[in-house]
1. Out of curiosity, is residue 68 more than 30 Å from residue 158 (Cα to Cα), open to solvent by 70 Å² or more (accessible area, probe 1.4 Å) and touching a residue at least 12 places away in the same chain (Cβ under 8 Å)?
2. Please return the ranges of helices (runs of 4 or more DSSP H) entirely within the range 81-143 where 1 or more residues are surrounded by 15 or more Cβ atoms within 10 Å (Cβ to Cβ) and in contact with a helix residue (DSSP H, G or I) (Cβ under 6 Å, 6 or more places away or on another chain).
3. Mind listing whichever residues of the range 20-33 are surrounded by 14 or more Cβ atoms within 10 Å (Cβ to Cβ) and either modelled with pLDDT of 85 or more or acidic (Asp, Glu) (or both)?
4. Would you mention how many residues in the range 47-65 are among the basic types (Lys, Arg) and surrounded by 16 or more Cβ atoms within 10 Å (Cβ to Cβ)?
Amino acid sequence: HMWIQGDKGLGKTTAARFFMDGLHAQQQAQCYYFDWQPQTARSLESFKLRYGLKIPSYSLAPSTIAQNIINNNQDRKLICFIIDEPQKARNMKDVDSFIFSLYQTFLGKAKFCFIFLSQMRYANASRSFAEDTLSRLQLKPIFFSMYDASQIVSILKQRLNYGLKPEDYDTKALY
């Protein structure tokens, strides 16, 4: 489980999407992207629609989402849950409750991991989580920092190579 923190625009979400795409392409995991919104109910409904979960709105809760995901995970692959911008929640205690419920439902039924993407520093966010949640997750904070020019060129080349062959673009244009 990881807490990836850094300022807006540093590529946290993009990196997570590449990670998800890679796991899907290699058929190693089922990945789910959860975009947190100020209202938890709206976040849950949006998630349900994104993944076509057959859960009636009146029973939409983290535990029913988790159980639905487990039921659809016939291959027993790793379940990777990416939670983007949890700091948008009206109350971080809602995030804690959501994660704890998912964790409890997944426990013993599936292999799973949580990856948080946030502008909020882990030290600040962890104060909003219950000790039970923190002790279960054992989150590893990772800090995304600003890139220098050579790192940006390297990242652009890497991303271009996902869709193109190096001979299909002019590398000089990157400098």
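The values are calculated or read from the model by the stated rules, or taken from the named source; none is laboratory data. This one's a predicted model, so the numbers in the text were calculated from it and none came from an experiment. Cβ coordinates were reconstructed from backbone atoms using ideal geometry, including for glycine residues, and neighbour counts include every protein chain displayed. What goes into the accessible areas is simple: the full protein's heavy atoms, side chains included, and nothing from ligands, DNA or RNA. Shrake-Rupley method; radii C 1.70, N 1.55, O 1.52, S 1.80 Å.
1. no
2. Values: elements: 92-106, 122-125, 131-137.
Counting at least 1 such residues, we get 92-106, 131-137.
3. The answer is 20, 29, 30, 31, 32, 33.
4. Residues of the range 47-65 that are among the basic types (Lys, Arg), as a first pass: 48, 50, 54.
Okay, now just the ones that are also surrounded by 16 or more Cβ atoms within 10 Å (Cβ to Cβ), so 48.
Total meeting the criteria: 1.
Matching residues to (1) part of a loop (DSSP other than H, G, I, E, B); (2) free of Cβ contacts under 8 Å to residues at least 40 places away in the same chain; (3) not aromatic (Phe, Trp, Tyr):
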{"site": "9", "(1), (2), (3)": "yes, yes, yes"}
{"site": "16", "(1), (2), (3)": "no, no, yes"}
{"site": "30", "(1), (2), (3)": "no, no, yes"}
{"site": "37", "(1), (2), (3)": "yes, no, yes"}
{"site": "44", "(1), (2), (3)": "no, yes, yes"}
{"site": "48", "(1), (2), (3)": "no, yes, yes"}
